[in-house]
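Asker: Below is one structure. I have some questions about it.
The values are calculated or read from the model by the stated rules, or taken from the named source; none is laboratory data. These numbers were taken from a predicted model, which means no experiment stands behind them. Virtual Cβ from ideal backbone geometry, glycine too; neighbours counted across all protein chains shown.
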Ligand SMILES: [Ca+2]
Ligand SMILES: [Ca+2]
Ligand SMILES: [Ca+2]
């Protein structure tokens, strides 16, 4: 595999992980934006994702901002508009993460399954208990979650 294929592969995995991760919930839409518009000048996809989710720009992603971001990511991925995300619609992703979000194990993700998972992720990653995620809290939470399924 060449370098270009490898980095495209990594990016695809990052998008799906973003949508599936509780802590990285905020990454969902941002990672999609990063794919459409590759980061320049040292801005990481994670940072872009965070800034896209932090709509009031206060450096924290609140529960409401997370819900808005998740809804945008969800509808962007839901190509056939049936309000369910299939494994195929998610593209390349970690099946173990998918299983964690798919609470009723029917093989598709509803928005409420995604939101339940995201809110759990927010609670777990919110180490200073202010009800919102800083960039550092979000990154640490995402990392922990990815390690947990490994
Ligand atoms: Ca905010
Ligand atoms: Ca389901
Ligand atoms: Ca916090």
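Asker: So, in segment 125-143, how many residues would count as being surrounded by 15 or more Cβ atoms within 10 Å (Cβ to Cβ) and assigned to a helix (DSSP H, G or I)?
Answerer: Of the residues in segment 125-143, 8 are surrounded by 15 or more Cβ atoms within 10 Å (Cβ to Cβ) and assigned to a helix (DSSP H, G or I).
Asker: Out of the helices (runs of 4 or more DSSP H) lying entirely within segment 42-122, which hold 1 or more residues that are in contact with a helix residue (DSSP H, G or I) (Cβ under 9 Å, 6 or more places away or on another chain) and within 16 Å of ligand 1 (Cβ to nearest atom)?
Answerer: 45-53, 63-77
Asker: Starting from residues that are closer than 15 Å to residue 49 by Cβ and within 9 Å of ligand 3 (Cβ to nearest atom), keep the ones in segment 113-135 and report whichever is nearest to the chain's Cα centre (by Cα).
Answerer: Ranking the candidates gives 122 first.
Asker: When only residues in segment 74-88 that are within 13 Å of ligand 2 (Cβ to nearest atom) and surrounded by fewer than 17 Cβ atoms within 10 Å (Cβ to Cβ) count, which is nearest to residue 146 (Cα to Cα)?
Answerer: Across segment 74-88, the extreme among qualifying residues is 87.
Asker: Out of all the residues in segment 39-54, is one or more at pLDDT 75 or above, within 16 Å of ligand 2 (Cβ to nearest atom) and surrounded by 13 or more Cβ atoms within 10 Å (Cβ to Cβ)?
Answerer: No, that holds for no residue.
Asker: How many residues does segment 90-104 hold that are touching a strand residue (DSSP E or B) at 6+ places or on another chain (Cβ under 9 Å), over 14 Å from residue 120 (Cα atoms) and either more than 10 Å from ligand 2 (Cβ to nearest atom) or modelled with pLDDT of 90 or more (or both)?
Answerer: Final tally of qualifying residues: 2.
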